[in-house]
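The values are calculated or read from the model by the stated rules, or taken from the named source; none is laboratory data. This is a predicted model, so every value here is computed, not measured. For neighbour counting, all protein chains shown are included, and Cβ atoms are generated from backbone atoms with ideal geometry for every residue, glycine included.
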Amino acid sequence: MSDKEYRPEDQEAFMKCLYWWGVPTLFRCPHDPDPDHCDIALVGVPHSTGNGTTERDQHLAPRSLRDVSANFRRAHGPFQLVPWDKCRINDLGDVPLTHALVNDICVEHIEAYYKRLDQRRVRPVSIGGDHSITGPILKALGGKDSVLSDGQKIAMVHFDAHTDTMDHLPHWLGAERSAAHWGSYVALEGHVDPQKSTQIGIRGHTRTLDWTRTSDDLGYRMINIDQYRSMGAANVIDLVRQRVGDAPVYITFDLDCLDPTVAPAVSNLEPGCNGFTIDQAVELLRGLRGLNIVGADVVCLIPSKDNPNKITSLSAAAIMFEQISLIADCM
Ligand SMILES: [Mn+2]
């Protein structure tokens, strides 16, 4: 190619697929904080104080996803869909968390931020943050007064190695609405219908033999990793869809449900038995195609624990791409 043929303005479309080129945003979507300008909002929630179990760098995850996710600005082959062409998808930036060290104030601010999106019928796909962010998002998007869910309770599809329904604990290291509690209070306060919800991929030895009882008592259906293996993906998908019925759906994906080999940089590793491979997780996600998905998130990434190839961030971007495509597909 001679210099004469080089026009900078013609080169961007090609360069945009290179993650290291240009100004990073989530999936190289336009950065525009105004929710009136999009149909799907990509949002960072740089929040770490809802889970002090291990290291606390989960607030760095949105920045890391902005670094790597241009690599996933792709067309979805199996859906024959280009999500970026189908609807308006913007990177709204990060939730401003002025009280970042005080979890129970942060969750109120997160709820207020997502209420703004709900009132404009904008469907959020978020990168956490620890799992405590999902509680306030579900409070904003589901139940009485919700716009996206038309006042209905949400059917939650929850991928995780843990139940996050530990309401028998009065607090977690001082956080009352913590990453261990959100699954309980969204049900008890009428934002999620546990009878329509499923928790998938729970694994590892429980701390005590009754550790999972709170999920059962609330009415969630738990499919642990052994049950997943004996049922097979198709039966799991059937069961999840039967429970959802025609309710609005929210997908929350804790990266610790993945095997530590593909997601080593998560807060609560469960190395004692294999987690999902990426293929298994993606198959389950694609099984939700066609449902009325009002929002989704990916949580629990600790970029400072990742390997030099950033495999956990890349896995997170791959999961987020599936979530974005599922929502764009039905818009
Ligand atoms: Mn979790």
Would segment 199-206 turn up any residue that is over 18 Å from the mean Cα position of the chain (by Cα) and away from the ligand (no atom under 14 Å from the Cβ)? yes
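One line per residue, one yes/no per condition, for (1) closer than 18 Å to ILE110 by Cα; (2) without any contact (Cβ under 8 Å) to a residue 12 or more places away in the chain; (3) of a type outside the set (Asp, Glu):
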| site | (1), (2), (3) |
| --- | --- |
| VAL147 | yes, no, yes |
| ASP150 | no, no, no |
| GLU176 | yes, no, no |
| ILE202 | no, no, yes |
| THR212 | no, no, yes |
| GLN227 | no, yes, yes |
Could you please let me know if LEU239 is touching a strand residue (DSSP E or B) at 6+ places or on another chain (Cβ under 8 Å), outside any strand (DSSP E or B) and surrounded by fewer than 18 Cβ atoms within 10 Å (Cβ to Cβ)? yes
Which condition number does VAL82 fail, the rest of (1) closer than 30 Å to LYS16 by Cα; (2) within 20 Å of the chain's Cα centre (by Cα); (3) surrounded by fewer than 16 Cβ atoms within 10 Å (Cβ to Cβ) being met? (2)
Hey, can you tell me all the residues within segment 254-309 that are in a helix (DSSP H, G or I) and within 20 Å of GLN227 (Cα to Cα)? LEU255, ASP256, CYS257, ILE278, ASP279, GLN280, ALA281, VAL282, GLU283, LEU284, LEU285, ARG286
Of all residues being within 18 Å of PRO271 (Cα to Cα) and outside any strand (DSSP E or B) in segment 181-207, which is modelled with the highest pLDDT? Just the residue, please. ARG203
Which listed residue is closer than 14 Å to GLU111 by Cβ and either crowded, with 24+ Cβ neighbours inside 10 Å or more than 11 Å from the ligand (Cβ to nearest atom) (or both), from VAL186, VAL125, VAL157: VAL186
When you go through (1) out of contact with any Gly (no Cβ under 9 Å at 6 or more places or on another chain); (2) of a type in the set (Ser, Thr, Tyr); (3) farther than 26 Å from PRO35 by Cβ one by one for SER146, which number turns out not to apply? (3)
Using beta carbons and a limit of 6 Å, which pairs, at least six apart or on different chains, have the first residue in segment 243-272 and under 22 Å from SER132 (Cβ atoms) and touching a residue at least 60 places away in the same chain (Cβ under 8 Å) and the second one within 9 Å of the ligand (Cβ to nearest atom) and assigned to a helix (DSSP H, G or I)? THR252/THR134; ASP254/HIS131; ASN268/ASP256
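Could you look through segment 1-51, keep only residues that are part of a loop (DSSP other than H, G, I, E, B), of a type in the set (A, V, I, L, M) and without any contact (Cβ under 8 Å) to a residue 24 or more places away in the chain, and pick out the one that is farthest from VAL82 (Cα to Cα)?
Only one residue fits best here, namely MET1.
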All positions within segment 218-236 that are surrounded by 14 or more Cβ atoms within 10 Å (Cβ to Cβ) and more than 18 Å from PHE253 (Cβ to Cβ): LEU218, GLN227, MET231
Candidate set: segment 162-172, residues that are touching a residue at least 40 places away in the same chain (Cβ under 8 Å) and surrounded by fewer than 24 Cβ atoms within 10 Å (Cβ to Cβ); chosen: the one farthest from the ligand (Cβ to nearest atom): HIS168
Can you tell me which of VAL294, VAL282, VAL266, VAL298 is away from the ligand (no atom under 16 Å from the Cβ), under 27 Å from SER178 (Cα atoms) and hydrophobic (A, V, I, L, M, F, W, C)? VAL294
Do we have THR214 as assigned to a helix (DSSP H, G or I), surrounded by fewer than 24 Cβ atoms within 10 Å (Cβ to Cβ) and within 16 Å of the ligand (Cβ to nearest atom) here? yes
Subset tally (residues that are over 10 Å from the mean Cα position of the chain (by Cα) and within 20 Å of ILE133 (Cβ to Cβ)) for segment 291-316: 11
